[in-house]
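The values are calculated or read from the model by the stated rules, or taken from the named source; none is laboratory data. Keep in mind it's a predicted model, so treat the numbers as computed, not measured. Here the Cβ positions follow ideal geometry from the backbone for every residue, glycine too, while neighbour counts run over all protein chains shown.
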Amino acid sequence: MSGAPRPVGCVELTVPPLPEYLQVVRAIVGAAAALDDRLRAGRVADVRLVVSEAATNAIRAQAAIREAAPILVSCDLMGDRIVVEVVDHGPGFDPSVLPDLPEAETPERLRHESGLGVSLMHQLADSAVLESGPGGTVVKLTFVVGDA
Amino acid sequence: MADYDVGYTRWSSTVGDVQRLAEGAGDKVQLDVHRYARDTCVVLAVLGELDLAGAPRLRQSVVSETAAGIRHLVLDLTAVDFIDSTGLGVVVGALRRLRAHDAELSLVCPEQRIRRVFEMCDLDRVFTLHGTVDDAVSEIGAR
């Protein structure tokens, strides 16, 4: 195990549910994750992408019901892992019934301009847990931090 | 945003991004679309971050070009710093819209960090990702 201390701490954001704040969320969460230099360089980009996907879904969910309450975003550096959480107050959805997209080569695929965000979260985070109900959705994305 | 191996430099870069955002410099939407003609094609060079905030600007540009009756559109993503699934959705929508008007779309996407997002969503099987505008225009001319 490396002798260098790992940064531990949490950054929390209260964000208006508006698209123009996505860049702020990405910049701050990415900057917080980058504090742990054991996180491989490319993984910082992954953190930025998945938090953008989760926050985008949160903004869309709240826009659907005209809910103006802020979205909560946190980035928790826990030593051996980084946990990014996005909480919204949207109508909720059933994560188990996300639509399957048609095969990439088929013409039907071009009719689907959305539906890839959750798939990217599962591909890029070491763990992606979505809990959703009528009061909103909590997305918890975990990145394991390896020793350099 | 640059993403470096050296922790201090990487942090400095991201702090610079945050400071720039906090100062509110410029447009709220960090996406620009520059249009120019190249041979028989129209090129839309996209600069900035292609997400939910920037998507409407690119979508509107594509709608305008389609309405004008263009035959070949080249989307140049060389200067795109970030793309997520919403940005990919705009590109997919552009292809569908152009095909509906018997027009063609070519993509220029030399940056690996952007190509990777296409690959993760299997969209590299839908689009040929060209390295340069010259390559994209040459391929269209060779058809």
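Observations
- The single condition among (1) under 20 Å from A:Glu53 (Cα atoms); (2) under 12 Å from the mean Cα position of the chain (by Cα) that B:Ser85 does not satisfy is (2).
- Listed conditions (1) at pLDDT below 95; (2) closer than 23 Å to A:Leu120 by Cα are all met by A:Val15, apart from (1).
- Test: A:Ala104 is modelled with pLDDT of 95 or more and assigned to a loop (DSSP other than H, G, I, E, B): no
- Selection within the stretch B:71-127: residues that are farther than 20 Å from B:Arg35 by Cα and assigned to a loop (DSSP other than H, G, I, E, B). The member of this set that is farthest from the other protein chains (Cβ to nearest Cβ) is B:Asp102.
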